[in-house]
1. So between A:A39 and A:S72, what do we pick up on full extension, going 0.36 nm a residue minus the alpha carbon distance?
2. Let me make sure I get this right: for the range A:26-72, a, b and c are the square roots of the gyration tensor eigenvalues over alpha carbons, sorted descending. Under 1.5 in a/c it's rounded, otherwise prolate if a/b > b/c, else oblate. Which is it?
3. For a label point 7 Å from the Cα of B:R102 along Cα→C-beta, name the residues of the range B:19-44 whose backbone N is under 16 Å from it.
4. May I ask you to list the aspartates and glutamates whose Cα is less than 16 Å away from that of B:K56, ignoring any residue fewer than eight positions away on the same chain?
5. Tell me whether the range B:66-110 comes out rounded, prolate or oblate; compute the Cα gyration tensor, take square roots of the eigenvalues as a ≥ b ≥ c, and use a/c under 1.5 as the rounded threshold.
6. Size of the dipole of the range B:17-110 about the Cα centre, Lys and Arg at +1 and Asp and Glu at -1 on the beta carbon, nothing else charged, in debye to 20?
7. Can you list, by residue number, the Cys in the protein assembly as shown that have no neighbouring cysteine C-beta under 4.7 Å?
8. With all pairs of different alpha carbon atoms counted, what Kirkwood hydrodynamic radius in Å does the range B:1-79 show?
Amino acid sequence: DTEVTQTPKHLVMGMTNKKSLKCEQHMGHRAMYWYKQKAKKPPELMFVYSYEKLSINESVPSRFSPECPNSSLLNLHLHALQPEDSALYLCASSLRDRDSYNEQFFGPGTRLTVL
Amino acid sequence: GNSVTQMEGPVTLSEEAFLTINCTYTATGYPSLFWYVQYPGEGLQLLLKATKADDKGSNKGFEATYRKETTSFHLEKGSVQVSDSAVYFCALRGSYIPTFGRGTSLIVHP
């Protein structure tokens, strides 16, 4: 299984809602990532988890809260988002976070719209 | 810090034309280099990679050679198809935070 899955595929939420994005991989990867991608732009790194511990937070606002319950799952909890947070949210994984020669495997993304 | 520079798109070609998408990089140490492709409405997929100087990555007719002397990793394909229409991202990984280029949109007409 060389796949990263993400749910939901689409999400529309109001600024007062609380929702969660879910990501799953069963490749035995110990590094997992959240990215935000705006239209016609490259992915922007948000968070990195290494062996289920948060290792990088790229100064992301606290309305985004990541969680890694186990080595296969990664969640992104959303609360009080702003319309400018509307974007494609990509999850990725790689064997380890410090191996420069290993590629990342990306999920298909969650298209988030904040009204 | 690390950086990746890609040619600005869109690149518009007719089917069976030759493709080159330029990518140059700045990095300390010995990074690995990657090309990812993103089809509309999808995530990024690895297209090819090279982990050391003079390595050539290849996949699905695409090729790129890691040139340390010119700090380049240009993507080439001899004969593009309509199905190759997508956005292509050059990326490097020197430490554990990957660095992506801006992306180059490729449009192939029948």
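Coordinate-derived values only; no laboratory data. Remember, it's a predicted structure, so these values are computed and weren't measured experimentally. Virtual Cβ from ideal backbone geometry, glycine too; neighbours counted across all protein chains shown.
1. Values: separation 33, 0.36 × 33 = 11.88 nm, distance 2.83 nm.
Between A:A39 and A:S72, full extension yields 9.1 nm more.
2. Here the range A:26-72 falls in the oblate category.
3. B:21-26
4. By straight Cα distance, B:K56 reaches A:E103, B:E69, B:E76.
5. Numbers: a/c = 3.53, a/b = 1.78, b/c = 1.98.
Note, shape of the range B:66-110 comes out oblate.
6. 160 debye
7. Cys with no partner Cβ under 4.7 Å: A:C68.
8. For the range B:1-79, the Kirkwood estimate is 13.4 Å.
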